[in-house]
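Enquirer: Sharing a structure with you now.
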Amino acid sequence: MKVFINKRIPEIGIKMLEENGLEIFIPENDNLSQDEWLSYCKETDAILSVGGEFKYDKDFFNECPNVKAVALYSVGFDHVDIKEANQRHIPVGNTPDVLSKATSDVAFLLMQSVARRASYNFEKVKSGNWDAFDPLQALGQELYGKTLGIFGLGRIGFEMAKKSQKAFDMNVIYHNRHRNEEAENELNAKYVSFDELIEQSDVLSVHANYKPEQKELFNASVFEKMKPDAIFVNTARGGFHHQKDLYEALTSKQIWGAGLDVTNPEPIFKDDPILELSNVCVLPHIGSATVEARNGMAKLAAENIIAFSKGEKMPHCANPDVYNNE
């Protein structure tokens, strides 16, 4: 079986695929155009897909009828039309759990960096503007005993809540499509409506799986309802927030600060004015960027491809309903 991998992944995944006799193709140039990517996809049986720049939609499946399985090197699968994949009996694998701690670490880092204006103060040091002591200069805020609001309290959100509670004794509220009884029992997390979430949170951290109907959910009408000293953190998908509205909310002091590992658009433009603000920290989508997490992702993605090649169900499947009609 031919497997196309659009970018090189950690060696543990490559080795697993080779040991199972799979024919692997990885292009030397991993910065593929849409046409180049499609040309490779047309010649393969299964794809191990790295990154979210390419869409697996109806047009793709029509152009690449030989593709029988897609294994994503990610947890999120918003760039895949799951309904279309199900109709064509194409399993779509993902990599849950292994990056929950790493991604929550980044959310936790951003929360603290924004609260203490770390990026801004670091730039002052680099530029030689380390001024004399000023009791009123570049003050941050403390997080102890404040309220952390989680939008999407799944695995990553749970880890973020646990860290925040242990480190800062923060109260946890959350909004989900479904109640999270584990979080309520272990963390005393309180389920609230979306309006209550945005009105009561001192830190609002986004961890939900992104869906097109949630595009720019966090916009001007939401930011204006948040506390003026609230911090907005997004490590999920940039599409969740309206970037210009976020900038306006920050500069008009509707909210206090923002920490972003994802942006809208992504990558962010280098001249985006939000990058000039002292109350913002932006990272280049590094949530899963640890050796342990990336190796774990490679292992799970390879397991999905190997299982499919043997006629077995993918062990980490984003669309398990695809097997219901077997």
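Just so you know, all these numbers are worked out from the coordinates, no wet-lab data involved. What you are looking at is a predicted structure, and each value in this text was computed from that prediction instead of being measured. When we count neighbours, we look across all protein chains shown, and the Cβ atoms used for this are built from the backbone with ideal geometry, even at glycine.
Enquirer: Just how large is the dipole of the chain about the Cα centre, in debye to the nearest 20, putting +1 at every Lys and Arg Cβ and -1 at every Asp and Glu Cβ?
Expert: Details: 35 positive and 49 negative charges, 89 e Å.
Dipole size: approximately 420 debye.
Enquirer: Still on this structure, please answer the following. With a cut-off of 8 Å between alpha carbons and a minimum separation of six or more residues, what is the relative contact order of the stretch 100-282 in percent?
Expert: Normalised by residue count, the contact order of the stretch 100-282 is 23 percent.
Enquirer: Which order do the peptides 5-14, 111-120 take when ranked by the mean count of other beta-carbon atoms within 10 Å per residue, highest first?
Expert: Top of the packing list down: 111-120, 5-14.
Enquirer: With everything on Cα atoms, drop me the angle between helix 291-309 and the longest principal axis of the chain, reported from 0 to 90° to the nearest 10.
Expert: Once rounded, the angle reads 30 degrees.
Enquirer: I've got another one for you. Could you give the distance between the Cα centres of the stretch 179-193 and the stretch 299-320, to the whole Å?
Expert: 32 Å
Enquirer: With +1 assigned to the C-beta of every Lys and Arg and -1 to the C-beta of every Asp and Glu, and no other charges, what is the dipole magnitude of the stretch 100-282 about the Cα centre in debye, to the nearest 20?
Expert: Charge dipole, the stretch 100-282, about its Cα centre: 320 debye, nearest 20.
Enquirer: Quick one: if the Förster radius is 30 Å, what FRET efficiency do K313 and E18 give, using the C-beta to C-beta distance and rounding to 0.05?
Expert: With a Förster radius of 30 Å, E is 0.85.
Enquirer: Sticking with this one: Can you work out the Karplus-derived ³J(HN,Hα) for every residue in the stretch 261-269? Use 6.51 cos²θ - 1.76 cosθ + 1.60 with θ = phi - 60°, whole Hz, and x for glycine or proline.
Expert: 9, 9, 9, 9, x, 10, x, 5, 5
Enquirer: What fraction, in whole percent, of alpha-carbon pairs in the stretch 6-133 exceed 19 Å separation?
Expert: Everything past 19 Å amounts to 62 percent.
Enquirer: Averaging sequence separations of C-alpha pairs under 8 Å and six or more residues apart, then dividing by the length of the stretch 68-168, give the relative contact order as a whole percent.
Expert: Relative contact order of the stretch 68-168: 28 percent.
Enquirer: Also: Choose one of A189, I156, P265: the residue whose Cα lies farthest towards the positive end of the charge dipole of the chain (beta-carbon charges +1 Lys, Arg; -1 Asp, Glu; about the Cα centre).
Expert: A189
Enquirer: Given 10 °C and 1.306 mPa s, how large is the Stokes-Einstein diffusion coefficient of the chain in µm²/s, with Rh as the Kirkwood radius over Cα pairs?
Expert: 75 µm²/s
Enquirer: A further question on this structure: For I24, enumerate residues with amide H under 5 Å from its amide H, sequence gap 5+ or separate chain, H modeled in the peptide plane.
Expert: HN-HN under 5 Å from I24: V3.
Enquirer: Right, here's the next one. So for the stretch 100-282, taking the charge dipole from beta-carbon charges (+1 Lys/Arg, -1 Asp/Glu), which of L275, F168, A138 sits furthest toward the positive end?
Expert: It is F168.
Enquirer: 7 Å from Cα along Cα→Cβ at both N29 and K58: what's the point-to-point distance in nm?
Expert: Simple spin-label model gives 3.2 nm for this pair.
Enquirer: Dividing the Cα convex hull volume of the stretch 100-282 by residue count, how many Å³ per residue is that?
Expert: Output value, Cα hull per residue: 115 Å³.
Enquirer: Given the rule -39500 (n - 2.57) for each run of at least 4 DSSP H residues, summed and divided by the residues of the chain, what is its mean residue ellipticity at 222 nm, to the nearest 500 deg cm²/dmol?
Expert: Numbers: 12 runs with 114 residues, N = 326.
Calculated from helices alone, the mean residue ellipticity at 222 nm is -10000 deg cm²/dmol.
Enquirer: Find how much the distance from E184 to L139 grows on full extension, using 0.36 nm per residue of separation minus their present alpha carbon separation; answer in nm with one decimal. Don't skip to the answer; put the middle values down first.
Expert: Values: separation 45, 0.36 × 45 = 16.20 nm, distance 3.40 nm.
The E184-L139 span can extend by a further 12.8 nm.
Enquirer: Something else now. Between the stretch 141-178 and the stretch 1-34, how far is it from one alpha carbon centroid to the other, in angstrom?
Expert: The distance from the Cα centre of the stretch 141-178 to that of the stretch 1-34 comes to 38 Å.
Enquirer: In addition: Considering only DSSP beta bridges with both partners in the chain, what is the antiparallel share in %, to the nearest 5?
Expert: Counting only bridges with both partners in the chain, antiparallel ones make up about 5 percent.
Enquirer: Given K58/K211; K2/K58; K2/K68; K42/K211; K101/K162, which pairs have Cα atoms separated by over 19 Å?
Expert: Those over the limit are K2/K58; K42/K211.
Enquirer: Follow-up. Sort 46-59, 298-311, 22-35, 130-143 by packing, meaning the average of other beta carbons within 10 Å per residue, with the highest value first.
Expert: Ranked from most to least packed, the peptides come out as 298-311, 46-59, 22-35, 130-143.
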